[in-house]
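Asks: Got a structure for you, questions after.
The values are calculated or read from the model by the stated rules, or taken from the named source; none is laboratory data. None of the values given here were measured: they were computed from a predicted structure. Because the Cβ atoms are built from the backbone with ideal geometry, glycine has one as well, and the counts that use them run over all protein chains shown. Side chains included, ligands, DNA and RNA excluded: accessible areas come from the protein's heavy atoms. Shrake-Rupley method; radii C 1.70, N 1.55, O 1.52, S 1.80 Å.
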Amino acid sequence: MVSGKTACEPPFLEHYKSIFKASSEINQLRDKQQHQVVEECELPLIDLRGLRNGNKAERTACITAIAKASSEWGFFQVLNHGVSLELLAEMRKEQKKLFELPFEQKVSSKLLNDSYRWGTPSATSLDQFSWSEAFHVPLAMISKVDSCNREFNHLREVMELVAEAMSELAHTLTGVLAEKLGYPGHCFAKSCNKSTCFLRLNRYPPCSFSPETFGLQPHTDSDFLTILCQDQVGGLQLMKDSQWVAVKPNPNALIVNIGDLFQAWSNDIYKSVEHKVMPNAKLERYSMAYFLCPSYDSTIGSCTEVSLYKSFTFGEFRKQVQEDVKQTGKKVGLSRFL
């Protein structure tokens, strides 16, 4: 008899056996990663109370701290962010119930408007593969999530509340970062709205197969800004000063990172930093990410007259990323548009 826990797990080893049976490749990847020293770090921690309730000096100091972290790290953490911790806990509970459904139901019954993803279909080698599963849901589709199924009514309600709170936070942060460069705080509001942004529910199953397997392969985010809520298992790593550092979880904070589009728009003042997730050998890991994206026909442009990058639309950027992944197994990103 197949246990409930086993039934919910994606069949990674069976479906991608051509990748995992290449023991020599695994050994090569192990040798490569043994030279990568991973230290644990605490990201810059910024209290956003100064933006909302502080005087002018406190607000200025808060904006300066956000801009500094965006330039030096590309990542930071925020406290007093305006997203209820109780709401996030409820989202985690609903998310866990969703992923505990049988794998066959997740993959074949078009749950959450057919937004389920698992593994890496384009992978041809272990270093291109991600040991994870996710529901990648456009915000505009949340209200339509399985509306005829009462089982998902509460999930839909919670997701809508989370998306609304995350959207407000994302626009606040991009607003102050734009202000810091001398632009109106609302300059992204028109192109980044409910019809263009996404909420992604992630689960990283335990992976005892190989300690070198990625939960999420190294990448940068193809958006303006990402807001991440993660559990306390850990596993998120980012590139800092040419080496990988592990991010220490903070139960009261949300993690924010700059995306490729914001780096291009800011003319490399704000940095879109490479990051990855390493799965735990014994524990499953949950996270939820909000992606602030524009419409595909939006021209990204630059905050300065002389730009490091060619003019491109988000649609052109996405198309190039998809072509590069198809041909090489990896995203190239901004360097294609210099």
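Asks: Restricting attention to segment 153-174, and to residues there that are within 23 Å of CYS8 (Cα to Cα) and in contact (Cβ under 8 Å) with a residue 24 or more places away in the chain, which single residue is surrounded by the fewest Cβ atoms within 10 Å (Cβ to Cβ)?
Replies: It comes out as HIS154.
Asks: Give me the pairs: first residue in segment 177-193 and of a type in the set (Ser, Thr, Tyr), second residue exposed (fewer than 15 other Cβ atoms within 10 Å of the Cβ), beta-carbon distance under 8 Å, and six or more apart or on different chains, which are they?
Replies: Listed pairs, sorted by first residue: SER191/SER295.
Asks: Across segment 101-137, what is the number of residues that are assigned to a helix (DSSP H, G or I) and buried (at least 18 other Cβ atoms within 10 Å of the Cβ)?
Replies: Qualifying residue count, segment 101-137: 5.
Asks: Let me ask something else about it. Quick one: GLU179 ticks every box in (1) of a type in the set (D, E, K, R); (2) modelled with pLDDT of 95 or more; (3) closer than 24 Å to ALA61 by Cβ bar one, so which box is it?
Replies: Exception for GLU179: condition (2).
Asks: Does segment 233-248 contain at least one residue that is open to solvent by 10 Å² or more (accessible area, probe 1.4 Å), touching a residue at least 40 places away in the same chain (Cβ under 8 Å) and among the acidic types (Asp, Glu)?
Replies: No; the residues of segment 233-248 include none that is open to solvent by 10 Å² or more (accessible area, probe 1.4 Å), touching a residue at least 40 places away in the same chain (Cβ under 8 Å) and among the acidic types (Asp, Glu).
Asks: Go through segment 24-100 and tell me which strands (runs of 3 or more DSSP E), entirely inside it, have 3 or more residues that are at pLDDT 95 or above and buried (at least 16 other Cβ atoms within 10 Å of the Cβ). Outline the logic, then answer.
Replies: On the way: elements: 39-41, 45-47, 75-79.
Once the strands (runs of 3 or more DSSP E) in segment 24-100 are filtered for at least 3 residues that are at pLDDT 95 or above and buried (at least 16 other Cβ atoms within 10 Å of the Cβ), what remains is 75-79.
Asks: Next question. Write out, first by first residue and then by second, each pair whose Cβ atoms fall under 9 Å of each other, whose residues are 6+ apart or on separate chains, and whose first residue, in segment 259-283, is on the phi > 0 side of the Ramachandran plot and open to solvent by 10 Å² or more (accessible area, probe 1.4 Å) while the second is at pLDDT below 95 and not aliphatic (A, V, I, L, M).
Replies: That search, which allows pairs on different chains as well, returns ASN267/SER302; ASN267/CYS303; ASN267/THR304; ASN267/SER307; ASN267/TYR309; ASP268/TYR309.
Asks: Which of the residues spanning segment 319-335 are touching a residue at least 60 places away in the same chain (Cβ under 8 Å) and open to solvent by less than 70 Å² (accessible area, probe 1.4 Å)?
Replies: Selection gives VAL321, VAL325, GLY329, LYS331, GLY333, LEU334.
Asks: Tell me, which residue of segment 212-228 that is in contact with a Lys or Arg (Cβ under 8 Å, 6 or more places away or on another chain) and not aromatic (Phe, Trp, Tyr) is nearest to THR6 (Cα to Cα)?
Replies: Here the residue is GLY215.
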